[in-house]
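Engineer: To start, I am sharing the structure in question, which I have written as structure tokens.
The values are calculated or read from the model by the stated rules, or taken from the named source; none is laboratory data. Given the structure is predicted, the values throughout are model-derived calculations rather than measurements. Here the Cβ is made from the backbone with ideal geometry for all residues, glycine too, and neighbour counts use every protein chain on show.
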Amino acid sequence: MSPAGSNIIEPKLAPTPDDILEDPTRSHWIKAAVQELMNRDPLDAFNDAVELRNVMERRFGEAVESHDT
């Protein structure tokens, strides 16, 4: 179960790796990332994905802030 207030999708509702890999609308980058992550320890892969999300959320927030000024 996801922590209260988090934006993490419940595992049963998240797309499967095959869903992503077979979807022609998904970017090549995300497909390559999914393939690479599937070959790693699940906990390590999850932690790295969360860290990447945090970095990108910050980058996005900074871009929005600089656009508003």
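Engineer: Within the range 10-44, restricting attention to residues that are within 11 Å of the chain's Cα centre (by Cα) and modelled with pLDDT of 95 or more, which residue is surrounded by the fewest Cβ atoms within 10 Å (Cβ to Cβ)?
Structural biologist: Ile30
Engineer: Let me ask something else. Taking the stated definitions as given, is Asp68 at pLDDT 95 or above and over 14 Å from the mean Cα position of the chain (by Cα)?
Structural biologist: no
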